[in-house]
Amino acid sequence: TIFQMLDSFHAIFRTLEQISRPAIAVVDGAALGGGCELVMACDIAIASDRSRFGQPEIKLGVFPPVAAVLLPQLVGDKRAREMLLTGELLEASQAERIGLLNYVVPADQLQPKTEEVLAKLRNLSAIALEHTKKAIDAGRGRSIDAALKEVEDMYLHELMKTRDATEGINAFIEKRKPVWQNR
């Protein structure tokens, strides 16, 4: 059953990478193993100050496949190796310091902070957010030349043909707030 479990679990991460809207992780407590991997896969991560993070799988004689791929990209090679090879847990403040989290807030401020971040995203063009996520993903692990060729093509031939790109530029020129059509 381990094959089926891994396949099902990894399908979540493939889906998160393909979602056109930003994915936000909100943590209030322990995010260990697969929970920590879910935080890694989200675009923005918010946690309460009482949260803890880690990949303790090594203590069970195994390793976390998703973390082995994503963690070095987020926190750097040396820090990722330390986390994966020792299985030690991090407090929320440490996780924020190394780049695993965007925000750490007191537990009673978790919901307001989440709403604040969501409000910022809701005020933006959905189509622009989608293309931005694609552009970020296109550059992952590639040379700047190869990534820029793909991202420039996406910018010129996809994004700039959208109504929202035209609206954003016109609103800037006319010194007004854009009215997004998400197209």
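Read-outs: derived from the displayed coordinates by stated rules, not from any lab. Because the structure is predicted, anything quoted here is derived from the model rather than measured. Virtual Cβ from ideal backbone geometry, glycine too; neighbours counted across all protein chains shown.
Some values worked out for this structure:
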| item | result |
| --- | --- |
| Distance (nanometres) between label positions extended 7 Å along Cα→Cβ at ASP153 and ARG81 | 3.6 |
| Cα centroid separation - segment 1-79 against segment 133-183, whole Å | 28 |
| Using a Förster distance of 25 Å, the FRET efficiency for ASN102-GLN18 (Cβ separation, nearest 0.05) | 0.70 |
| Among VAL27, LEU89, THR1 - extreme Cα towards positive end, dipole of the chain, charges at beta-carbon | VAL27 |
| Charge dipole of segment 94-183 about the Cα centre (unit charges at C-beta), most positive-ward option of ALA107, ILE169, ALA135 | ILE169 |
| Listed candidates [x] 22.7; [y] 16.8; [z] 18.3 - label of the one calculated as Kirkwood radius over Cα pairs in Å | [z] |
| Counting DSSP beta bridges with both ends in the chain, the antiparallel % (nearest 5) | 15 |
| Residues with amide H under 5 Å from that of VAL27, placed H, sequence gap 5 or more | ILE46, ALA47, SER48 |
| Charge dipole (debye, nearest 20) of segment 1-113; +1 at Cβ of Lys and Arg, -1 at Cβ of Asp and Glu | 100 |
| Theoretical FRET efficiency, 1/(1+(r/R0)^6), r = Cβ-Cβ of ALA11 and LEU60, R0 25 Å, to 0.05 | 0.65 |
| Relative contact order %, segment 88-166, counting alpha carbon pairs below 8 Å whose residues are six or more apart | 23 |
| Length-normalised contact order for the chain - Cα pairs under 8 Å, 6+ apart - percent | 18 |
| On Cα atoms only, tilt of 163-173 relative to the major axis of the chain in degrees | 70 |
| Lys pairs, the chain - Cα-Cα below 26 angstrom, 8 or more residues apart or on other chains | 18 |
